[in-house]
Every structure is written in structure tokens, then in C-alpha cells.
Amino acid sequence: MVADSLVKTFNGTVKALDGVSFEIPQGTVLGLLGPNGAGKTTAVRVLTTLLKPDSGRASVAGIDVVARPQAARRVIGLAGQYAAVDEALTGRENLLLVGSLNHLDRRARQQRATDLLDRFDLSDAADRTLKTYSGGMRRRLDLAAALVARPPVLFLDEPTTGLDPRSRIDLWSVISDLVNDGTTLLLTTQYLEEADRLADQICVVDHGRVIAEGTASELKDRLGGTLVEVTLDDDGLAAAAVGALSGVGDDHDSVKREGSVVRVATATGPATLTEVVRRLDAAGIEFAGLQLRQPSLDDVFLALTGHAAEEAATAPKSKPSRRQKEPVS
Amino acid sequence: MTTSELRPASNSLRWTISDCLAMTGRNVRRLMRAPDQVVFTLLSPIMFTLLFRYVFGGAIRGLGNINYVNYLIPGIAVQTAIFTAGNSGFALAEDRGKGFIDRLRSLPMARSAVLAGRVSADTLSNAVGLFIIIAVGVAVGFRPESIPGLLLGVLLLLGFALATCFIFALVGMYASNVQTVNAATFPVIFPLTFASSAFVPTSTMPSWLRAFADHQPVTIVINAVRALTIGNVSSAQREQLFAGQSTSSLVIQSLLWALGIGLVFGSLAVRRYNSTSI
């Protein structure tokens, strides 16, 4: 799958995609990571033929999605926050409908529906309408619907957004299995943990641009490998600590403060830790906590964008419906 | 080597028909699971039937020897058909809002099947609704002059209803939700169905209103169905009831209206459906 310099502007002003490029080798998973409004969903909509890009090129399994959309639709599966299932139909009827519209013959689609319901642990609920399904069951059926035609290329657009932790972990294991079967997968997510867990490669997007890419560990290495994190009693003390620690770490930019927490990025953890203790002691600054830890993707995001990913990601959750249309997402 | 390579291209006529049938089946199933919706759609025409048959009907003049209930039911039937057609707009707006249309767009199905399946299902539901309304009509005294005339009238009406579905479908392709479809169509549908010959002869209306009422499509279709079910009338009555037009002329005009509305709004709706994606 290739996205090459995709640009998409809404209403002439909002740049949802501002030259997004990435490539996903066959059989691998790319995590498109970013807050709401970063352009993740727009990228998925372009690659799944739902939206025409203003410029740039996009192809799936070697098929140009703009030039040959109908051929592209034959190799893709789409699930997630925008693709949907029919609430008035039963689980089985939903899968049979998708099978029929994928032009599987009657016997094949019935077999496929039964297999998928079984695989996604929905056999007991197969003949109930979706009105009785829980959020997690609905997402599993949505994913099953995307798999009916055994597409070699799969798009999962925020597959676990809005799910409770238990359902999220269930869905993760289902997705891991899929990936082991050799499906090429584009996964968008606001959850750093999700990308870390499922993706081979991660593209961090913000304001319609890819601002970083690499494996989870490569992105973490960008922060210098290890973090020394000092927790102080208040912001004022923390500011004083930043002054005391100037010059510690790998370069002049290594010391960062967030509220009453000061973080020092370093390649040499233990030595820096000792230096931090010595400096704070010399300055007479008492601290409440001190730890040496590996950076999380949250730290990466904060360092790359200047704002936290979760901060941007939590706000939209209070909206009444996940499925509400918003052009920029 | 995947099954997708083995699947034939979807542009063949056979797949188009199979996709249309699949979508019609899905839509019909949805309608059957929400019978309350169908009942509510029929509730107001049934109340109008009773209201005009028993409350206002006795005061309506200008029909000569024609029984008012025989005059009324064709009008009610056309009104019912138009209101029922509204579901095309509501359901499309709902499917779009819930992301279901996006799923369909990502499938290798015939693009025309979404609209075709919608208007087919709503026309089937219209056939059922008309059957019920006519049955209610018969219960309160409606006696069509001839059964073939009634059947022909119903077919004509279903054709018109199908065309009307495309008007609502077009609105449904733009509106963001069901309420918007309602708000956008009501101001048009209301005057068209009431400033017509549905309940009273247009000859009793002021001349400016009559000029509109006599020539707008809803009146034409009502008059065509009425002429088919009421049977022979004197030339004076024809002047009074049908603005002097012959039955065959009314039928042909109705067909042309249905064809014109279907073509114009159908192609606009298809264009809208295709324009919003690749």
C-alpha cells in the first residue's frame, strides 16, 4: 500500500491532509498515530476510495485507487469508526449482505458468515439483531464484515475507540491473529499503546502531516533512550530544579518540565541519575519522587508535537456519537 | 493468490441486478422489523379518511350524483403514496449518518444498487400501504366502478410514487439527518397535497389557487386515478371535476410527470451519490 504526497482540503480552507506519504510492505502493519483532527481518517477514506484526494497518489495492492476504484474495492476491507453494520439486521444477516454485495455465491457466503461468527465469538448472538449487541460485539461484527471477502489489504480506523479496556484487549488479540495470517493492515489510532502493540511501523501524524516515522523503539530512541523523571512538590520547585539541572543530559534541550514533573532525556541513564541527585542536593531542592524509565510513546508525542496525545484524544470522547460526521479527523 | 482475484468484475448486468435485489431485501427487512413506522405513516391518512368521510364530507358540494367517498379515496391514496415515499429520504439520511453508506461505498458492488434498492423497497412498502388504505376506504363505503380501473389506477399511482421516492432520495443525499429531510420537504409536500383536488373539487377554490391546483402534478395524478375508478361521468361533471380533461389525457399526463420527475431527480440523486466519492 502506498500513499504519496496526499493532499485533501475541505471547504477550501481546512487542510486535512497536507502532503501525507507512507508505504506499507505486504503483510505488515502500519500504525497511523495521532490525535483527533490529525488527518488519520481522511487518509483512510482516500485509500478506501471514499474520498478523492486533491493531489497525490494512492494505491492498494498495486492498484491506483483513483484510476481504478472498483478494482481497489475488491482487495480492501474497511472497519472502524466510520464503516458500519446495520442495527436492524442480525449478525448473520449483516455478514450475508456483505457477502452478497461482494458477489460470493450463496453457499460460500453462508459458510463464510458461519465461520466468521464462530471465529469472533458471536455464534450465540448470530441470529439476534444488533440492537442487543454490546459495543465490543458490534466492533467485532464490524471487523468480521470487513473480512467477508478475505481482503489482502485491511483498514482499521480507530478500531477500539470508545471500547472498555476488556473489549479493547479482546479486539487486540483478534487483530494480532489477523496480522499473523499475512494481512496488510493500516491501523489508525489515538492510543499509543495500541500502535506500540500492533504495528510494525508507526507514522505519527499531526495537522495533516507525517511528523515522525519508525518502529516504536526507534521513536523512543529519539528521546535519548532513557528518561530520568523527578517529581517535585509544586511547579515552583520544579522550575527551580530545571535551573539546577541545566546542562545535564545529552544536549541543552534534554531537560523538560511538565507541571511539577521534570524529565531528563539521556543515553546514559544511571550516570545521569546520579548527576541529577547530586545537582538537586547541591541546590537544596527536595524532591517527592525519582525514577529511571523507558520513554512511552506519550513522551514521544509530547516531544514531537509540543502537546500531549491523550489531551487531544480525550476531549472528543464526550461527544454523543462516535459516528457523527466530521470531515476532519 | 486470493479469492478476490477469482471474483468476476461487478460491472456485468447480472451483478448489478443481484446487488439491487440484495439491497432491496435488506431495506424490506428493515421495514418489516419496524412495523410501527409503517403504521404511523398510515395513521394520518386513515384519520383523514374518517374525518372527511364523516365530518366534512356532508358539507362538500359540487359533485352532482357522485358519492363523496368515491371522490375522496383516490385523493387519500395519492397523499398516502407521497408521504410513504418520504421514507426514501429518511432512510438514506439515516444510513449516511450511521456510516452504513460508507461501508457500501467500500464494497465492489454496483453503485446504482444503493438508490435502486432504496426506491424499490419503498415502492413495495407503498403497495402494501395502498392496499390497506383502499381496504379502509372500502370499509367506509368506497366502491370503485370497475376493478380493472382500480388496478390500473394503483399501478399508475405506484409509478408516480416511485418517481417521488427519487425526490426524497435526493434530499436524503444532502440532509444530515431525518429531521432535516422532514423540514426540507414538508413545506413543498404540504401545499402540493392540499392545494389539489384531493379533498374538494378545485372549482370551489378562488381562481388564482385553482389555476395552480388544476395544473400541478399531484392533482393530475389524483384526477387520473379518480377518473379510472369513478367510471363514466357527464361532460358537465368532467368539466367540474377534471377541468374538462379526458381520462386518457389525464393518464398520459400522469405518466409523463412520473417519467420526468423520475429522470430529473433520479439522475440528480445518482450524480450526488457518485460525486461525494471517487
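Select from region A:76-100 the residues that are open to solvent by 20 Å² or more (accessible area, probe 1.4 Å), farther than 17 Å from B:Arg96 by Cβ and at the interface with another protein chain (Cβ under 8 Å from one of its Cβ atoms) and list them in ascending order.
A:Glu93
Is at least one residue of region A:62-75 touching a residue at least 12 places away in the same chain (Cβ under 8 Å) and more than 9 Å from chain B (Cβ to nearest Cβ)?
yes
Residues in region A:83-103: is at least one in the same structural domain as A:Asp206 (by TED's automatic domain parsing) and within 21 Å of A:Gly162 (Cα to Cα)?
no
Residues checked against (1) outside the structural domain of A:Asp54 (by TED's automatic domain parsing); (2) closer than 30 Å to A:Phe10 by Cα; (3) surrounded by 18 or more Cβ atoms within 10 Å (Cβ to Cβ); (4) out of contact with any Cys (no Cβ under 9 Å at 6 or more places or on another chain):
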{"position": "A:Thr161", "(1), (2), (3), (4)": "no, yes, yes, yes"}
{"position": "A:Arg166", "(1), (2), (3), (4)": "no, no, no, yes"}
{"position": "A:Ile175", "(1), (2), (3), (4)": "no, no, yes, yes"}
{"position": "A:Thr189", "(1), (2), (3), (4)": "no, yes, yes, yes"}
{"position": "A:Glu193", "(1), (2), (3), (4)": "no, no, no, yes"}
{"position": "A:Leu198", "(1), (2), (3), (4)": "no, no, yes, yes"}
{"position": "A:His207", "(1), (2), (3), (4)": "no, yes, no, yes"}
{"position": "A:Ala212", "(1), (2), (3), (4)": "no, yes, yes, no"}
{"position": "A:Val228", "(1), (2), (3), (4)": "yes, no, yes, yes"}
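Being in contact (Cβ under 8 Å) with a residue 12 or more places away in the chain and hydrophobic (A, V, I, L, M, F, W, C) is the filter; apply it to region B:22-34 and report the residue that is farthest from the other protein chains (Cβ to nearest Cβ).
Among those residues, the one meeting the criterion is B:Val28.
Given (1) buried (at least 22 other Cβ atoms within 10 Å of the Cβ); (2) touching a residue at least 60 places away in the same chain (Cβ under 8 Å); (3) assigned to a helix (DSSP H, G or I); (4) away from chain A (no Cβ under 13 Å), where does B:Asn126 come up short, assuming only one miss?
For B:Asn126, the failing item is (2).
Kindly indicate which of B:Phe199, B:Phe212, B:Phe194, B:Phe242 is more than 24 Å from B:Gly137 (Cβ to Cβ), away from chain A (no Cβ under 14 Å) and either in contact with a Lys or Arg (Cβ under 6 Å, 6 or more places away or on another chain) or of a type in the set (A, V, I, L, M, F, W, C) (or both).
The unique qualifying residue is B:Phe212.
Can you confirm whether region B:67-80 contains a residue that is within 14 Å of chain A (Cβ to nearest Cβ) and either in a helix (DSSP H, G or I) or at pLDDT below 95 (or both)?
Taking every residue of region B:67-80 in turn, none turns out to be within 14 Å of chain A (Cβ to nearest Cβ) and either in a helix (DSSP H, G or I) or at pLDDT below 95 (or both).
Residues that are assigned to a strand (DSSP E or B), open to solvent by 30 Å² or more (accessible area, probe 1.4 Å) and within 19 Å of A:Leu187 (Cα to Cα): does region A:23-45 have at least one?
Yes, region A:23-45 contains a residue that is assigned to a strand (DSSP E or B), open to solvent by 30 Å² or more (accessible area, probe 1.4 Å) and within 19 Å of A:Leu187 (Cα to Cα).
Considering each residue of region B:213-249, count those that are open to solvent by 30 Å² or more (accessible area, probe 1.4 Å), farther than 20 Å from B:Leu192 by Cα and of a type in the set (Gly, Ala, Ser), and give that number.
7
Among the residues of region A:265-284, write down those that are modelled with pLDDT under 80, open to solvent by less than 30 Å² (accessible area, probe 1.4 Å) and of a type in the set (A, V, I, L, M, F, W, C).
Hit for region A:265-284 is A:Ala265, nothing else.
Is it the case that region A:77-93 has a residue that's assigned to a helix (DSSP H, G or I) and modelled with pLDDT under 95?
No, that holds for no residue.
Among A:Asp121, A:Asp181, which is touching a residue at least 12 places away in the same chain (Cβ under 8 Å), more than 20 Å from the chain's Cα centre (by Cα) and exposed (fewer than 14 other Cβ atoms within 10 Å of the Cβ)?
A:Asp121
Mind listing just one residue for me: the one in region B:31-75 that is surrounded by fewer than 20 Cβ atoms within 10 Å (Cβ to Cβ) and of a type in the set (D, E, K, R) and, of those, nearest to B:Asn223 (Cα to Cα)?
Within region B:31-75, the match that is nearest to B:Asn223 (Cα to Cα) is B:Arg61.
The values are calculated or read from the model by the stated rules, or taken from the named source; none is laboratory data. The shown structure was predicted, so the numbers you read here are calculated from the model rather than taken from an experiment. Here the Cβ is made from the backbone with ideal geometry for all residues, glycine too, and neighbour counts use every protein chain on show. Just the protein is used for accessible areas: all its heavy atoms, side chains included, with ligands, DNA and RNA removed. Shrake-Rupley method; radii C 1.70, N 1.55, O 1.52, S 1.80 Å.
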